[in-house]
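Notes to accompany the following structure.
We did not get these values from a lab; they are worked out from the coordinates using the rules stated. No experiment lies behind these values; they were computed from the predicted model shown. Every residue, glycine as well, gets a Cβ built from its backbone with ideal geometry; the counts of neighbours run over all protein chains shown.
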Amino acid sequence: MAITIALAGNPNCGKTTLFNALTGANQYVGNWPGVTVEKKEGKLKGHKDVAIMDLPGIYSLSPYTLEEVVARNYLIGEHPDAIINIIDGTNLERNLYLSTQIIELGIPVVMAVNMMDVVRKSGDKIDIKALSNALGCEVVEISALKGEGIKEAADKAVAAAKAKKAVARVHKFDDAVEAAIDAVEAKLDDSVAEAQKRFFAIKVLEKDSKIGDQLKVIPDVSAEIKTLEDKFDDDTESIVTSERYAYISSIIGKCLKKAKSGKKLSVSDKIDKIVTNRILALPIFAIVMFLVYYIAMQTVGAAATDWTNDNLFGDGFHLFGMEKNDDGVAYSDDADAYAEAMQIIDGFISYGEENGVEVGDIADAMDAESDEFDPANAAKAADELLTVFDANTTATYLVEDEETLATDETESTYADLQSAVDTYKSYGCEEPDPADYGVFIPSIPDLVSKGLEKANCADWLQGLIVDGIIAGVGAVLGFVPQMLVLFILLAILEYCGYLARVAFIMDRIFRKFGLSGKSFIPMLVGMGCGVPGIMASRTIENEKDRRMTIMTTTFIPCGAKVPFIAMIAGAIFNGSAIISTGAYFIGVITIICSGIILKKTKMFAGDTSPFVMELPAYHWPKVGAVLRSMWERGWSFIKKAGTIILLSTIVVWFTTYFGWVDGSFGMLSEDQMDYSILAKIGNAICWIFKPQGWGNWQATVASVTGLVAKENIVGTMGILYGGGDATVYQTLASKFTEPSGLSFLLFNLLCAPCFAAMGAIKREMNSAKWFWFAIGYQCGLAYLVSLVVYQIGVLITAGTFGVGTVVAFLIIAFFLYMLFRPNKNAQFAKIKTN
Ligand SMILES: Nc1nc2c(ncn2[C@@H]2O[C@H](COP(=O)(O)OP(=O)(O)OP(=O)(O)O)[C@@H](O)[C@H]2O)c(=O)[nH]1
Ligand SMILES: [Mg+2]
């Protein structure tokens, strides 16, 4: 016989931790209330026929928010065989409120008092026997985190389910209340099971608005309600609530012995005094986020990512950094000396070409790439070069900077040429081979292309693999080290409980603007991925607020947006951590401004949901949990690279390297990309982004592929700007200016999220109209913001003034009007001030 056991309890009491421990699952656990918003089923380890159901946390069986409805509907409608009611032992009194309701459901219950490790440490004593007697069900002490007592709890629940023995009610409410309940029970029809009658009777008495969904017929009980309300001079819901609290206080004295802690502040309280301090909170938050980004983007993470990009996907590297040859000279020194000599020689050749000196044959003989290259001939040619120039020649020529691709005029004397030729010949007229300097590991693209060449692979396939897949997927994978560092740091902040404080701090700010602090939890979750972020909006009871949160949550950079932010910051802004941290603050500011503007429209007007959130105690993050969270997020990033991004890069590569030249369709060479299919598509739509300063087909196409998955922006750039001599970063730096780079970044940060997140928006909005409204709002806002940033940017940096500037100022004026216009819908506020 299959058995289902539901885990029910208050938010943040450890249900999911217990679920993971019992089933071996890996569900998301976070140190704040409202982490789980959907029910989740798993199999009890070692029992194939026992299913465990993790539920969202609830404070009572009178649900206010969507995820509470999920939990209640499950408990009432699906009727699990047993419930493990998890109670946070550090907060017994409040947690028991739900328990008094759960034992009325007519389902076998086992109470699991969790967090016993913390309870013991604090010195409190819980009398399990007394508690069990008072509640009429089995009680076990557990620590879900440490795995203590969990097997016992599960076994007891299985036994209770098999015995099918519902909780024998020990306690009675006030006689008048009991009489009313009995009377209502008698009025319920037979479709209500006997064991559930008490629960439904109380709910009907309480005038619960949503209970109609569960009952076929709601009996008329106005007489009973009136009698009770007259007697207690209160409404029935409050009467029942205070009866429950009276019951709890009657048992709590018998079951709980608090350690004499006096009035000393706990460590958590002391930390909170500082980090949630009215004045310090925000600067501390800014510093913490800056440090997170500084470490991930500029120091540790960046070093690892640079190494990966430069070596693994770039030029290759020497094992363990040992790169000395037999004479003890470092490879990099030799390579630099050779490159410097070549620069002067090439300079003289191009100077000669321009000034009518016959250097063509010399250049050919020295061309190491050519098939007929022979070092002996090259040496002779080099000597000849010395003879064709006059000893007092000073050559001027252009040199391209490797980083910025900017060209610079340089001068070299004949003496420079002489020593350059000597150096050139001393290396045997060929670039020093890194393999002569220790164990050299070629880069992945080099290795693969050599292998493919050896295997006589067709050109197009080689192109697909090297220029398509490796360039695209490699560009994304190059960010894995940075992402892992970032994920570790965010996981630490989350597990220790700091992120819950951030929600609290932000609530103070949000509230000033008429927004609910509850909107901040989805944003916190959205820092990992927008999909669960959007789902986390279920904790908001007010429908208008919830819609608004769904619309704005993805403004926060999710993990997938990080690589492209890092790429733009790295290529155009010198890797500045201010750009990466700034992306978060821009996300938050956009959410706040959107909130203010939208709240003033009829569609979203109304009171904001109250924000009640307990601050969980600080925990030391567990190394295992942090690493697991890092790995999970990192792995999903890698998995995506292997599936959707791989597919996208193949499509991008094909459409980039195939196209029509002179009327015939075929494969294109690197300098013909402007004729490609992709260029055609991009060119057809890129005018849209002219006012943003990056209206070229490459950037446009990258933004479009970003809608499939945001990592694609980097992958697509890798293909479109890769190839050729310069690195992707160098090409990017040459194609974007600071204003256009910033505008590109902002557009892609704020516009519609990836398909997966759009799907989540569709699901949560549950309405095509609202879905399109959300997507339209995001794209429209992104378009305007990026336009303004570019136009004002060029006005400041280059003094360019034109139609675009005027439009930008008009947009700003409109925006300011929307932001500061009086709120017509907030009449109550006006009345108050009068
Ligand atoms: N010290 C200690 N911490 C625990 C224990 N069980 C859970 N926690 C921590 O409590 C926090 C909340 O755990 P979750 O399992 O996410 O709680 P939940 O009940 O599923 O929360 P919601 O899904 O929000 O309702 C996490 O930080 C856990 O690590 C325990 O036995 N001891
Ligand atoms: Mg949970």
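Observations on the structure shown:
- Placing unit charges on the Cβ atoms of the charged side chains and taking the dipole of the chain about its Cα centre, the candidate lying farthest along the positive direction among Ser143, Leu707, Gly695 is Ser143.
- Label-point separation, Glu229 to Glu369 (7 Å along Cα→Cβ), nm: 8.8 nm
- Residues in the stretch 238-247 carry Karplus couplings, in order, of 5, 4, 5, 4, 6, 4, 5, 5, 4, 4 Hz; the curve used is 6.51 cos²θ - 1.76 cosθ + 1.60 with θ = phi - 60°, and Gly or Pro positions show x.
- Derived scalar couplings between HN and Hα for the stretch 426-440 equal 5, 8, x, 6, 9, 4, x, 8, x, 5, 7, 10, x, 6, 9 Hz in order, rounded to whole Hz, by the Karplus curve 6.51 cos²θ - 1.76 cosθ + 1.60 (θ = phi - 60°), x for Gly and Pro.
- Size of electric dipole in the stretch 331-441: Cβ of Lys, Arg +1 and of Asp, Glu -1, about Cα centre, debye, nearest 20: 400 debye
- Note on Thr396 and Ser132: the model spin-label points, each 7 Å out from Cα along the C-beta direction, lie 9.7 nm apart.
- Database remark: amide H of Ile441 closer than 5 angstrom to the amide H of Phe317, His318, Leu319 (H placed geometrically; neighbours at sequence offset of 5 or more, or on other chains; Pro and chain starts carry no H).
- Placed amide H near Ile52: partners under 5 Å, 5+ positions off or other chain: Ile5, Gly42, Lys43, Leu44
- Measuring gaps between exposed loop sites in the chain (GluC sites (Glu not before Pro); DSSP loop; at most 10 other Cβ atoms within 10 Å), the longest gap, sites not included, is 373-834.
- Sorted by Cβ density within 10 Å, fewest first, the residues Asp124, Asp367, Asp189, Asp545: Asp189, Asp367, Asp124, Asp545
- For Lys43, the lysines whose Cα falls under 27 Å of its own Cα, not counting residues fewer than eight places away in the same chain, are Lys15, Lys146, Lys151, Lys156, Lys162, Lys164, Lys165, Lys622, Lys639.
- Förster radius 25 Å - calculated FRET efficiency between Val388 and Asp422 (Cβ-Cβ, nearest 0.05): 0.90
- In sequence order, calculated HN-Hα J values of the stretch 661-667 (Karplus, 6.51, -1.76, 1.60; Hz; x Gly/Pro): 10, 6, x, 10, 7, x, 6
- Considering only the chain, percent of DSSP beta bridges that pair antiparallel, nearest 5: 50 percent
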